[in-house]
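Okay, structure first, notes after.
The values are calculated or read from the model by the stated rules, or taken from the named source; none is laboratory data. Note that this is a predicted model, so its numbers are computed, not measured. Cβ placement follows ideal geometry from the backbone for every residue including glycine, while neighbour counts extend to all protein chains displayed.
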Amino acid sequence: MNKAIDFQLTRDAFGRLIFTGSDGEVHDGVVPVHAFPIAAPTEGISLVTADGRELAWVERLTDLPDESRVLLEEELASREFMPEIRSIRRVSSFATPSAWQVETDRGSTTFILKGEDDIRRLAAASLLIADSNGIHFLIRDIHALDQGSRNLLDRFL
């Protein structure tokens, strides 16, 4: 069951989100912030002002009208660039720094892993890998990787 949404979202000429509350008050440059972007990517989204004041809480994206939902999904996608690694093709060295060639949900790429500390365990089977440029790559489930990928990854864990 959808909850009643008491605000409206639009974009201004510069592409920033505009929030109009039920009281008619308008806030420009609103930013959506996920509570749990990896564990619950379509739930728990706060809409905050540029100074960090929360204007609204969105329990689920599906609670929103289509126009607002699409705007939020676009904004979150542009802010939360986190490719998901599907397979590890090659690692230049088992010592760091090393170059990793990977297949992600966004295509093939190569990144530099500076140190083993840049691989963080999120849950029993999930990892977050930060490259030398600060881009985070997600491995949602180690067990879903092919055997070759798991073997390469095991050398760093």
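Tabulated results
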| quantity | calculated |
| --- | --- |
| All positions within region 103-121 that are of a type in the set (S, T, N, Q) and free of Cβ contacts under 8 Å to residues at least 24 places away in the same chain | Ser108, Thr110 |
| Those residues of region 20-77 which are surrounded by fewer than 12 Cβ atoms within 10 Å (Cβ to Cβ) and touching a Leu at 6+ places or on another chain (Cβ under 8 Å), in sequence order | Glu54, Trp57, Glu67 |
| Checklist (1) touching a residue at least 12 places away in the same chain (Cβ under 8 Å); (2) assigned to a helix (DSSP H, G or I) applied to Ser78, failing item | (1) |
| Qualifying residue in region 60-75 (condition: assigned to a helix (DSSP H, G or I), in contact (Cβ under 8 Å) with a residue 60 or more places away in the chain and under 24 Å from His136 (Cα atoms)) | yes |
| Scan of region 108-125 for residues that are under 26 Å from Phe36 (Cβ atoms) and assigned to a strand (DSSP E or B), ordered by number | Thr109, Phe111, Leu113, Ile119, Arg120, Arg121, Leu122, Ala123 |
| Lone unmet requirement of (1) surrounded by fewer than 15 Cβ atoms within 10 Å (Cβ to Cβ); (2) at pLDDT below 95; (3) touching a strand residue (DSSP E or B) at 6+ places or on another chain (Cβ under 8 Å) for Ser108 | (2) |
| Residues within region 82-127 that are touching a helix residue (DSSP H, G or I) at 6+ places or on another chain (Cβ under 9 Å) and of a type in the set (A, V, I, L, M, F, W, C), tallied | 10 |
| Qualifying positions in region 81-95 - assigned to a loop (DSSP other than H, G, I, E, B), surrounded by fewer than 17 Cβ atoms within 10 Å (Cβ to Cβ) and not hydrophobic (A, V, I, L, M, F, W, C) | Ser92, Ser93 |
| Failed item, numbered, when Val33 is tested on (1) under 29 Å from Pro83 (Cβ atoms); (2) part of a loop (DSSP other than H, G, I, E, B) | (2) |
| Scope region 35-74; condition within 29 Å of Arg121 (Cβ to Cβ) and charged (D, E, K, R); matching residues | Glu43, Glu59, Arg60, Glu73 |
| In region 36-71, the residues that are farther than 18 Å from Phe81 by Cα and of a type in the set (Phe, Trp, Tyr) | Trp57 |
| Failed criterion for Leu128 (all others in (1) assigned by TED's automatic domain parsing to the domain that holds Ile18; (2) outside any loop (DSSP other than H, G, I, E, B) hold) | (1) |
